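Here the structure comes first, spelled out in structure tokens, and everything after it is commentary.
Laboratory data are not the source of any read-out in this text; all were calculated from the coordinates shown. These figures come from a predicted structure and were not determined experimentally. Cβ atoms come from the backbone with ideal geometry, glycine included; neighbour counts cover every protein chain shown.
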Amino acid sequence: EADESASILDGLDPDQRVAAAHPGGPLLIIAGPGTGKTRTLTHRIAHLVAERGVEPERCLAITFTRRAAEEMRERLEGLLPGRAARLTVTTFHGLGALILREQHERAGLPADFRIADETERLEIAREMTGSDKEARRLLAGFDGAGGPADPEARGSFEKRLRERGLADFADLLRLPVTLLGDDPDLTARYRERWPWISVDEYQDVDETQYSLLRLLSGAEGNLTAIGDPDQAIYAFRGADVGFFLRFEDDFAAATKVLLTRNYRSAPAIVHGAVGAIRATSLVPDRVLDPQRSGERLIVVQESADAQAEAAFVTSTIDGLLGGTSFHSLDSGRAGGHHDEHLDFSDIAVLYRSSAQAEPVMEALTRAGMPYQKRSHDRLVRRPGVREVAHELRHHGGELTGRIRAAVETLTELHDETVLRTAAELLTPLAVRCGDDLETFLGELALGAEVDAFDPRADRIALLTLHASKGLEFPVVFIVGCEDGLLPMRLPDTDEDEERRLFFVGMTRAQSSLYLSGSRRRDPSPFLRGIPGKYVTRPEQAARRRARDQQLRLI
Ligand code: ATP
Ligand code: MG
């Protein structure tokens, strides 16, 4: 035991070790990207279990996305072989659903309540409003888009949901908060169950999530909150970085640990990103010390239009992977000759909004390069998925039999859009070889963000900047670094949040970072924050070389 735990803390630097070994009580870990926050969190949990004799069942670890939860579970599996399955590692919505399943009676829901899909929500809304258009407007209000929702309408909507034995996505968090808030005994039982709570990416909690945490941990509980205010990117959906900034006031005698060593990115990327965020940083005296070495600079590229930009992306990838078409763009120090071996899966292309992926996908397809796109939709909201999931859960017999039945259901549905979404449902199942069907269906029912994205596949990752949070890739392209795309220029755009999004994107890169845009718009103002000495502009350099040559000829 002792040896095992020694090796757990050995993998950490001194500051990380202080955080991981913190005895108890509220703990705030505040640190920039790539400083090992997530790593410290997993090691802290492993240390609690392996060294301090905490039962795995007493630990609750919360993340924002399913992908992040999966990754955390994998890392914990490595640190606590055989015991990680007994930990509760979940998303906020997964946690809400877990509590709601256990307390369904108090919430007025049947034991087998389901999460309403989009068709059902629309049906109910149409009943209430009389028209499709009004129904959509009402739902948009409930989803946080377009101003606050009318509480009376929400009440009536909920009543209709309950009559059908349904909860909707927002209920997963709101109902547990109400139940626990109304019943101190119930709250006490959950506190006993999970005395050790950790939350990653705490800068993005919203009020309901904060209330749930606060109920579960109390003001003096062993709550570890980890995050980076400069990576707060979900205000548009109700997140409030204020909860992070107020942590020390909200939780009694909280301990604060700062991490400043960046282990992820080459120095130019670290310094460049800090320069880009500095103007609006929410962290006083932001310090980020690169631990890696390397001379490679950030490449800034301007192309004529989005098609030329996509061509730049593919030719650069071709060059990085050892193809031949790239080297004419190489300026010597940047891009090109990568010292480590690269696979397609080492490369990510990030963009502000999904539509920007189109030209990139076309170019990659033409170049014969495999890619996968992360989709943000909640499958459960899409038509057809409910039926197929129902088949999978209820059709008796072996798994293969169930899948066959599901496919039959699909065929009967005879609808192109249904077939497509259902295929997306079955693909991740096939990826997982169907071994954890129940878990998968459970998560599907929660409305988790399920898609066919397979982190183990050797494909280039296409992601929105939002979806890239917490991840890392040796090579990162951010396309559309243009004023109007990044930042977007909509009436309600929060430019500071757009800048943080750019900061998140830049800091995903380990070795190479390409910031590209087209001359259709002005360059993104965020580029100006990056000190010139960390940037190379190969295309300008090439133009200069050509001009010099011409001058020599004259
Ligand atoms: P983000 O803010 O982007 O979520 P993070 O602070 O959570 O970043 P991690 O993902 O935990 O950072 O770590 C970044 C990288 O640095 C990972 O590859 C991790 O393994 C590595 N790393 C972290 N701490 C150390 C360490 N002490 N020694 C070696 N590598 C480390
Ligand atoms: Mg992290």
Applying 1/(1 + (r/R0)^6) with R0 = 25 Å to the Cβ-Cβ distance of GLN307 and ASP483, what FRET efficiency is obtained, to the nearest 0.05? 0.80
Point-to-point label distance, ARG286-ARG52, nm (Cα→Cβ direction, 7 Å offset): 3.2 nm
How do HIS22, HIS341 rank when sorted from fewest to most other Cβ atoms within 10 Å of their own Cβ? HIS341, HIS22
Order by neighbour count: VAL54, VAL205, fewest other Cβ atoms within 10 Å first, most last. VAL54, VAL205
Distant alpha-carbon pairs in segment 37-155 (separation over 23 angstrom), percent: 52 percent
If neighbour count is taken as other Cβ atoms inside 10 Å, put THR536, THR178 in order from fewest to most. THR178, THR536
Net charge of Cβ neighbours under 9 Å - reference THR507; Lys, Arg +1; Asp, Glu -1: +1
Please report how far the C-alpha centroid of segment 194-252 lies from that of segment 113-128, rounded to the nearest whole angstrom. 31 Å
Kirkwood Rh over alpha-carbon pairs of segment 117-163, then Stokes-Einstein at 37 °C and 0.692 mPa s: what D in µm² s⁻¹, rounded to an integer? 314 µm²/s
Test of the criteria: in segment 1-81, which trypsin sites (Lys or Arg not before Pro) are in a DSSP loop and have at most 16 other Cβ atoms within 10 angstrom of their Cβ? ARG52
Enumerate the amide H contacts of ILE460 below 5 Å, restricted to partners 5 or more residues apart or on another chain; note that Pro and chain-start residues carry no placed amide H. TYR371, GLN372
Provide the per-residue ³J(HN,Hα) series for segment 224-232, in order, calculated from phi with Karplus coefficients 6.51, -1.76, 1.60 and θ = phi - 60°, each as a whole number of Hz, with x at glycine and proline positions. 9, 10, 10, x, 9, x, 6, 10, 6
